[in-house]
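Student: I am attaching a structure below and will ask some questions about it afterwards.
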Amino acid sequence: MIAELRAKAQVTVPREIVSQLGLSEGDKFDVSVHDGAIYMIPVAVYPKNYVEKLEAQVREAKALIEANDLKQYDSADELIAALHAESGDGE
């Protein structure tokens, strides 16, 4: 497919690609150049505090793995019940 560079360095992404990737107005992209080709990769952008919380959870999980201090469950149902109990939703 051919696209045209317009004023203010804008390029319209062909409708077929937008549909195929499920893109919508306002989506963000990581734009880079490799070997003379332009790459646009859709990305999700999260607030910094959300990312920091996820990073803390990953560090905690890694520490539990290293300490071999992980709870083991006999079934998926047992795990799901434990997760519900932990979240306090009582299901």
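Student: For the stretch 23-46, give me each residue that is of a type in the set (D, E, K, R), free of Cβ contacts under 8 Å to residues at least 12 places away in the same chain and touching a strand residue (DSSP E or B) at 6+ places or on another chain (Cβ under 6 Å). Quick ask: steps written out before the conclusion?
Tutor: Kept after step one, since they are of a type in the set (D, E, K, R), are these residues of the stretch 23-46: 25, 27-28, 30, 35.
Filter once more, keeping what is free of Cβ contacts under 8 Å to residues at least 12 places away in the same chain: 25, 35.
Of everything in the stretch 23-46, nothing turns out to be of a type in the set (D, E, K, R), free of Cβ contacts under 8 Å to residues at least 12 places away in the same chain and touching a strand residue (DSSP E or B) at 6+ places or on another chain (Cβ under 6 Å).
Student: Restricting to the stretch 17-38, give me the number of residues that are closer than 16 Å to residue 3 by Cβ and of a type in the set (S, T, N, Q).
Tutor: Going through the stretch 17-38 one residue at a time, the tally reaches 2.
Student: Name every residue in the stretch 16-33 that is surrounded by 10 or more Cβ atoms within 10 Å (Cβ to Cβ) and either small (Gly, Ala, Ser) or more than 17 Å from residue 44 (Cα to Cα) (or both), in order of residue number.
Tutor: Within the stretch 16-33, 17, 32 meet the criteria.
Student: Which residues, taken from the stretch 53-88, are more than 28 Å from residue 22 (Cβ to Cβ), surrounded by 11 or more Cβ atoms within 10 Å (Cβ to Cβ) and of a type in the set (D, E, K, R)?
Tutor: 78, the sole residue that qualifies.
Student: Of everything in the stretch 39-80, what is of a type outside the set (A, V, I, L, M) and under 24 Å from residue 2 (Cβ atoms)? Give them in sequence order.
Tutor: The answer is 39, 42.
Student: Every residue in the stretch 16-32 that is assigned to a helix (DSSP H, G or I) and of a type in the set (S, T, N, Q), please.
Tutor: In the first step, residues of the stretch 16-32 are kept if they are assigned to a helix (DSSP H, G or I); the result is 16-21.
Across the stretch 16-32, the qualifying residues are 19, 20.
Read-outs throughout are calculated quantities, based only on the coordinates presented, and are distinct from any laboratory measurement. Only a predicted model underlies this, so the values are computations on that prediction, with no experimental measurement involved. Counting neighbours? That spans all protein chains shown, and the Cβs are built from the backbone with ideal geometry, glycine included.
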